[in-house]
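Asks: Got a structure here, written out as structure tokens. Questions coming.
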Amino acid sequence: LRRMLVEDIGSDDIDVGAVGHEKLGAEYLRKVGFSEKVCELVESHVVAKRYLTATEPQYYEALSKASKLSLKFQGGPFTPDEALAFEHDVLFKQKVQLRKWDDAAKIVDLVTPGLDAYMDLAIQHLTAQC
């Protein structure tokens with residue numbers, strides 16, 4: 001599983017340059033057997049950012065320069081109508097929470113569990129998909 005998740009990413013028929021990183025991650029997870037829910041949560045990375053920048057001014061201010069620049073290419077902050085529609089998504093709360101966890105993981109020198117800490121959980125999830 002470690003090899004599948006870490007070493008093989010990018011070595012298959014996935015074009016990294018033509019697809020956003022959120023789509024690349026979701027496509028890869030689909031290919032190796034993760035549930036559609038997990039894949040959709042991964043794929044929501046950019047839409048959650050667009051939502052948060054539209055609804056939480058402090059969120060936008062905390063973004064790095066690079067993240068602010070990429071936001072422009074990703075469609076910019078949601079309009080009020082887009083934000084409202086996103087709030088009606090069945091996985092809305094989970095998508096926003098996952099984005100916030102991702103942001104928190106970017107803290108320099110933050111000690112986090114290694115991939116091995118999640119191995120059993122990933123194996124259980126993949127086994128349940130069969």
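Asks: In whole percent, how big is the carbon plus sulfur part of the accessible area of segment 80-125, probe 1.4 Å, protein atoms only?
Replies: The nonpolar share, carbon plus sulfur, comes to 62 percent.
Asks: Next up: So with the 1.4 Å probe, I'd like the accessible area per residue for the chain, rounded to whole Å².
Replies: Details: 8570 Å² over 130 residues.
Spelled out: the 1.4 Å probe surface of the chain, per residue, equals 66 Å².
Asks: So what J values fall out for segment 99-110 if you push phi through Karplus, 6.51 cos²θ - 1.76 cosθ + 1.60 with θ = phi - 60°, rounded to Hz, Gly and Pro as x?
Replies: 4, 5, 5, 4, 4, 5, 6, 8, 5, 4, 6, 5
Asks: Quick one: order 130, 39 from most to least accessible surface, probe 1.4 Å. Don't skip to the end; give the middle numbers.
Replies: Details: 130 145, 39 0 Å².
I get 130, 39, largest accessible area first.
Asks: Ranked from the most accessible area to the least, with a 1.4 Å probe and all protein chains present, what is the order of 123, 107? Present the calculation step by step, with values, prior to reporting the outcome.
Replies: Numbers: 123 75, 107 100 Å².
Result, largest first: 107, 123.
Asks: A further question on this structure: Which of 83, 122, 35 sits closest to the plus end of the dipole of segment 17-130, meaning its Cα is farthest towards the positive end, when Lys and Arg get +1 and Asp and Glu get -1 on the C-beta?
Replies: After comparing all options, I get 83.
Asks: Could you state the angle between the C-alpha long axis of helix 45-55 and the longest principal axis of the C-alpha atoms of the chain, as a value from 0 to 90 degrees rounded to the nearest 10?
Replies: Orientation of helix 45-55: about 20 degrees from the principal axis.
Asks: Express in nm, to one decimal, how much length is gained between residue 89 and residue 35 on full extension, taking 0.36 nm for each residue of separation and deducting their alpha carbon distance. Before the final figure, lay out the partial values.
Replies: Details: separation 54, 0.36 × 54 = 19.44 nm, distance 1.76 nm.
Residue separation times 0.36 nm, minus the Cα-Cα distance, leaves 17.7 nm.
Asks: Which residue fluctuates the most in the chain, going by a Gaussian network model with Cα springs under 10 Å, if the choices are 35, 67, 44?
Replies: Evaluated over the chain, the most mobile residue of the options is 67.
Asks: Can you give me the long-range amide H partners of residue 35? Hydrogens built in the peptide plane at 1.01 Å from N, cutoff under 5 Å, separation of 5 or more residues or another chain.
Replies: Placed amide hydrogens put nothing under 5 Å from residue 35.
Asks: While we're looking at this one, here's another question. Under the rule a/c < 1.5 gives rounded, and otherwise a/b versus b/c splits prolate from oblate, where does the chain land using the Cα gyration tensor? Intermediate values should be presented prior to the final figure.
Replies: Values: a/c = 1.68, a/b = 1.55, b/c = 1.08.
Judged from the Cα gyration tensor, the chain comes out prolate (a/c at least 1.5, a/b above b/c).
Asks: Take every Cα pair under 8 Å in the chain that's 6+ residues apart, average their separations, divide by the length, and report that relative contact order as a whole percent.
Replies: Details: 83 pairs, mean separation 36.9, N = 130.
Answer for the chain is 28 percent.
Asks: Give me the one-decimal nm value for the distance between modelled label points at residue 105 and residue 130, 7 Å along each residue's Cα-to-Cβ direction.
Replies: Output for this residue pair reads 2.6 nm.
Asks: Let me ask another. What dipole magnitude, in Debye to the nearest 20, does the chain give about its Cα centre under +1 on Lys/Arg Cβ and -1 on Asp/Glu Cβ?
Replies: Values: 16 positive and 21 negative charges, 53 e Å.
Here the chain has a charge dipole of around 260 debye.
Asks: With every protein chain left in place, what is the accessible area of residue 102 in Å² (1.4 Å probe, nearest 10)?
Replies: Answer for residue 102: close to 60 Å² accessible.
The values are calculated or read from the model by the stated rules, or taken from the named source; none is laboratory data. Every value quoted in this text rests on a predicted model; they were computed, and no experiment measured them. Every residue, glycine among them, receives a Cβ derived from its backbone with ideal geometry; neighbour counts consider all protein chains shown. For the accessible areas, the whole protein counts, side chains as well, though only heavy atoms, and no ligand, DNA or RNA atoms are used. Shrake-Rupley method; radii C 1.70, N 1.55, O 1.52, S 1.80 Å.
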